[in-house]
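The structure appears right after this line, and notes come after that.
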Amino acid sequence: MRFLGCLLTICLLLTQPVSAEDPPRAQVSKADIVRLLGRIFTEETVQDDLVRLGFKGPNLALATTQMRRIMTDPDVAGYIADQVLAFSADGTLPGQAGAQGSLWGVIDRGVGHLPMRDLRYYYLVEQTVLNAMPTRDCGLAVKERLSPARLSDATARAAARLNTPALKQYYRIQLDAARFGATRPPVTMPAARMEQIEAKIFDALLARLAGAKNETSMIRTFARLDQADNRSACTAGRLFIDTVMNMKGRDQHDALVLLSMP
C-alpha cells in the first residue's frame, strides 16, 4: 500500500548519515525503528488509506487490526528494521531491491514456506487480484512493469471486496507468510525439479491453447512477453495463473512454490 512506501522513506531518513553542515543526530538503533513501526500503524492515516482503497465496516476493522498486528510482530518488525539499517549502511538491501525490505518484501519471502492449503488459497486471492485489474495495469503487472505502490493498491482493493470470513482467512495466511519470511531463508528447489515443473506448466499451457483461435498469437505472446502489448500480456498472465491453479497434487504445490521464488 502507498503508506508502506512512505513508512520506509521515513525510516531511511532517520538512519541517513549527516553531513558536516548538519547538526549532530543521535544514532538510530534497531529498537528505535521497531518502536517507530509500532507507533506509525496506530495513526489515523492508516485507516484513511484503507478507506481510500475500499475497506469499510468489518473489513475495515480487520484490515486495520492486521496492519497493526503485522507491524508490531517482533520477528517481522525486527526483520524490516534490519533491512532499513542495512540500506542506510551501504545503499542496498541484501539480496533484494529497493523497497522489498518493507512489509510486502517479507511477505513475498515467506509465501513459499506456507503449507499447501494456505499456499493455494493465497494464490487464489492473487488470481482474483489479476482478474480484477484494469487491462493496462494487468498487462504491466504481468510484464513486471507495474510500480510496487500500484500493485499493492490493486491487491488491497481486491482484498477489500472479499467477504469478511474470506478476508480473515487471507490475513491469517498473510501474517504466517510474514513471520516465515522474517525467520526463514528464502525457499529453494533443486534445479532438476524446477526444470521438470516448468516443463509441466508449459505442456499444460499448450494443452489449454490447442485448437483455440488465438493459439498462434498466444504462443507468440508467451515467447516475447516483454514485447507484448498490455492486453495480450494480461490475457497471457490470466491464462498462466489459471493453468497453474488447475494443476493437481505435488505438481501444483511445486508450481506455486516456483512462483513464490525470487
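The values are calculated or read from the model by the stated rules, or taken from the named source; none is laboratory data. Treat the numbers as computed from the prediction; the structure is a model and nothing was measured. Using ideal geometry, Cβ is built from the backbone for each residue, glycine included, and neighbour counts are taken over all protein chains shown. Ligands, DNA and RNA are stripped out before the accessible areas are found, and what is left, the full protein with its side chains, is counted by its heavy atoms. Shrake-Rupley method; radii C 1.70, N 1.55, O 1.52, S 1.80 Å.
Worth a mention:
Residues are listed down the side, and each one gets a yes or a no for (1) at pLDDT 90 or above; (2) open to solvent by less than 20 Å² (accessible area, probe 1.4 Å); (3) under 28 Å from Thr188 (Cα atoms):
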position: Thr42; (1), (2), (3): no, no, no
position: Arg52; (1), (2), (3): yes, no, no
position: Ala77; (1), (2), (3): no, yes, yes
position: Val84; (1), (2), (3): no, yes, yes
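- Residue in segment 138-150 that is surrounded by fewer than 17 Cβ atoms within 10 Å (Cβ to Cβ), touching a residue at least 40 places away in the same chain (Cβ under 8 Å) and among the basic types (Lys, Arg) present: no
- Scanning segment 208-228 for residues being farther than 22 Å from Asn246 by Cα, in contact (Cβ under 8 Å) with a residue 12 or more places away in the chain and either basic (Lys, Arg) or exposed (fewer than 13 other Cβ atoms within 10 Å of the Cβ) (or both) gives a total of 1.
- Of everything listed in (1) of a type in the set (S, T, N, Q); (2) buried (at least 18 other Cβ atoms within 10 Å of the Cβ); (3) over 21 Å from Lys143 (Cβ atoms), the single unmet condition for Gln196 is (2).
- Top-ranked residue in segment 100-123 [being modelled with pLDDT of 90 or more and assigned to a loop (DSSP other than H, G, I, E, B); ranked as farthest from Ser147 (Cα to Cα)]: Pro115
- Taking helices (runs of 4 or more DSSP H) as the structural unit, those lying wholly within segment 127-200 and holding at least 2 residues that are modelled with pLDDT of 90 or more and closer than 28 Å to Asp75 by Cα correspond to 164-183.
- Some residue of segment 218-225 being outside any helix (DSSP H, G or I) and either more than 15 Å from Glu126 (Cβ to Cβ) or not charged (D, E, K, R) (or both): yes
- Unmet requirement for Pro190, which otherwise passes all of (1) more than 21 Å from Asp108 (Cα to Cα); (2) more than 20 Å from the chain's Cα centre (by Cα): (1)
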